[in-house]
1. Just to be sure I understand the filter: pairs with C-beta atoms under 8 Å, separated by 6 or more residues or on different chains, first member in the stretch 23-40 and under 17 Å from Ser120 (Cβ atoms), second member among the β-branched types (Val, Ile, Thr) and in a strand (DSSP E or B). Which pairs pass?
2. Out of the residues in the stretch 86-95 that are closer than 14 Å to Leu57 by Cβ and surrounded by fewer than 17 Cβ atoms within 10 Å (Cβ to Cβ), state the one that is modelled with the lowest pLDDT.
3. Give the stretch 82-97 a look and list any residue that's in contact with a strand residue (DSSP E or B) (Cβ under 8 Å, 6 or more places away or on another chain) and either over 21 Å from Asp53 (Cα atoms) or part of a helix (DSSP H, G or I) (or both), or say none.
4. Quick check on this structure: which one of Leu83, Leu56 is closer than 16 Å to Leu9 by Cα, at pLDDT 95 or above and buried (at least 18 other Cβ atoms within 10 Å of the Cβ)?
5. Looking only at the stretch 98-127, which residues are of a type in the set (Ser, Thr, Tyr) and assigned to a helix (DSSP H, G or I)?
6. Under 22 Å from Glu15 (Cα atoms), in a loop (DSSP other than H, G, I, E, B), at pLDDT 90 or above and touching an Asp or Glu at 6+ places or on another chain (Cβ under 9 Å), is that true of Leu64?
7. Suppose we filter Ile45, Ile34 for residues that are surrounded by 15 or more Cβ atoms within 10 Å (Cβ to Cβ), in a helix (DSSP H, G or I), at pLDDT 95 or above and not hydroxyl-bearing (Ser, Thr, Tyr); which single one remains?
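The values are calculated or read from the model by the stated rules, or taken from the named source; none is laboratory data. Every value quoted in this text rests on a predicted model; they were computed, and no experiment measured them. Here Cβ is always computed from backbone atoms with ideal geometry, including for glycine, and neighbour counts include all displayed protein chains.
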Amino acid sequence: MAGNGRGQLLLVEDEPVLRRLIAEFLRSEGYDVIEAADGSEGASIYAGHPYFDLVLLDLNLPFLSGVDVCRRIKAMRPSQPVLICSAAILDSHIVALHEMKVDQFLTKPYHPLDLLDRISRELSRPSIGRLTMAVVDSVMA
């Protein structure tokens, strides 16, 4: 099923089966999902894409860690919402991510409905960046 406008998500997950399952589930719920298989690919896709409503980011990624991917994302768009979805969230990760104003964490394994709930809550949070992009999008239409 194609997305119905619920939101554009970037899913950065190195485990192929899990990435496919999450992406298919989210697409069935109406989200547009772009997938990245490692940190380097995630950072490149993000840099080349005009806008994401939310980034779903694993921390333990090959080539570029999730924290480093997040640093690159926040350097480009400080208000970009990021949801960390990882099995190993260390205290050092939390400190580094909080410094970047990332405060949403979902520990694997998680239930798909918990993921939907977190996405919904994150997308409903006020964000200057999202409001600015919505205004730009409406002017460009």
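1. As it stands, the answer is Leu26/Val33; Arg27/Val33, since those pairs meet every condition given.
2. The initial filter retains those residues of the stretch 86-95 that are closer than 14 Å to Leu57 by Cβ, namely 86-89, 93-94.
Those left that are additionally surrounded by fewer than 17 Cβ atoms within 10 Å (Cβ to Cβ): 87-88, 94.
Details: Ala87: 86, Ala88: 79, Ile94: 76.
Out of the qualifying residues, it is Ile94.
3. The first filter runs over the stretch 82-97 and keeps only residues in contact with a strand residue (DSSP E or B) (Cβ under 8 Å, 6 or more places away or on another chain), leaving 82-87, 89, 93-94, 97.
Selection gives Ala87, Ile89, His93, Ile94, Leu97.
4. On the way: Leu83 fails: at pLDDT 95 or above.
Going through Leu83, Leu56 in turn, just one is closer than 16 Å to Leu9 by Cα, at pLDDT 95 or above and buried (at least 18 other Cβ atoms within 10 Å of the Cβ): Leu56.
5. We begin by selecting, within the stretch 98-127, every residue of a type in the set (Ser, Thr, Tyr); these are 107, 110, 120, 124, 127.
Within the stretch 98-127, Ser120, Ser124 qualify.
6. Details: under 22 Å from Glu15 (Cα atoms): yes; in a loop (DSSP other than H, G, I, E, B): yes; at pLDDT 90 or above: yes; touching an Asp or Glu at 6+ places or on another chain (Cβ under 9 Å): yes.
It is true that Leu64 is under 22 Å from Glu15 (Cα atoms), in a loop (DSSP other than H, G, I, E, B), at pLDDT 90 or above and touching an Asp or Glu at 6+ places or on another chain (Cβ under 9 Å).
7. Details: Ile34 fails: in a helix (DSSP H, G or I).
Among Ile45, Ile34, only Ile45 is surrounded by 15 or more Cβ atoms within 10 Å (Cβ to Cβ), in a helix (DSSP H, G or I), at pLDDT 95 or above and not hydroxyl-bearing (Ser, Thr, Tyr).
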